[in-house]
1. Decide, for the stretch 242-365, between rounded, prolate and oblate: order the square roots of the alpha carbon gyration tensor eigenvalues as a ≥ b ≥ c, take rounded if a/c falls under 1.5, and otherwise choose prolate if a/b is larger than b/c, else oblate.
2. How much of the DSSP bridge set in the stretch 235-318 is antiparallel, in percent, rounded to the nearest 5?
3. Given only helices, namely DSSP H runs of n ≥ 4 each adding -39500 (n - 2.57), what is the per-residue ellipticity at 222 nm of the chain, to the nearest 500 deg cm²/dmol?
4. Let me make sure I get this right: for the stretch 275-343, a, b and c are the square roots of the gyration tensor eigenvalues over alpha carbons, sorted descending. Under 1.5 in a/c it's rounded, otherwise prolate if a/b > b/c, else oblate. Which is it?
5. Any idea what angle helix 197-206 forms with the longest principal axis of the chain, computed on alpha-carbon atoms, 0 to 90 degrees, nearest 10?
6. For the stretch 121-196 and the stretch 276-320, what is the centre-to-centre distance using only Cα atoms, to the nearest Å?
7. Could you state the angle between the C-alpha long axis of helix 251-265 and the longest principal axis of the C-alpha atoms of the chain, as a value from 0 to 90 degrees rounded to the nearest 10?
8. With the cut-off at 1.5 for a/c, could you classify the chain from its C-alpha gyration tensor as rounded, prolate or oblate?
């Protein structure tokens, strides 16, 4: 058995992978507001914004890649976006050996699935994504695949992940975390589905059932995770039952998934959530206790709008980071880098320095 320590906690949960988890603040990567809703919008993988600040603020950065960019033709992979970004990170680390960056690899699925994957099963499904606008009163219409289909769609997803693992798992020390995005539709978050009535009706008509979705979220992810030296970052949220035509929350299933993910994968199973705020409210309060009970490795992504430069200045970001680290043993926390929006480039240096320091502080009594 292997063990590890995190801020005074020691837990023995299984063999240790070869790579240490990401530590500290992590840049989410430069995304646009259209990244989740446009199949042609490609992520911008750069270190430009990190390099605006002194080394030592960030411990990691996300490499964002669209599935349709990586595998436009089934079984043929274009690794150039990943390899080019890794070259940038190596250059940064060479120049800053005391403050190296680790990388989280995140593959965007959903609207960014390749056309051949969208055609599986009953074919493309139209759902609606927030925000609601005058032009799109239901939300922006987008097309996704049968993301609950284990036989075709998810089999293709895990074949892609297996190819990535074969290339980077044992051979690339920079990649220390991989996001689980197999059933992602609105974002890369597996549990995040469109819950408006027209979207639910379209999903049901296409064959999505609660039973199929639960199988995809639980057994499918655990049984197919191909990385053996690199942690899998699985962002958990409240499961929504849709079979009745309206969303009904079932937090007990989320708690089951968290416990099974950790017990099955041990240290490889990073328990994550992408909605960290300064206080724990509904629906997160229905599964955050399970995150705390399982202990590290854990990671988070902060919610939007926690810091407003003012005047007056509103800083809900500091208590959110403190909550994640002190109460939920977070090894790393992603902060946003969204073009034209809630980006850390708008934060004062003193704030970023204080946030980075939280990860080295002793939790208050």
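Readers should treat all values here as calculations from the given coordinates under stated rules, not as data from a laboratory. Note that this is a predicted model, so its numbers are computed, not measured.
1. On the way: a/c = 2.22, a/b = 1.42, b/c = 1.56.
Oblate.
2. So the antiparallel bridges in the stretch 235-318 amount to around 50 percent.
3. Helices in the chain give a 222 nm mean residue ellipticity of -7500 deg cm²/dmol.
4. prolate
5. 70 degrees
6. 24 Å
7. 60 degrees
8. It comes out rounded by the Cα gyration axes.
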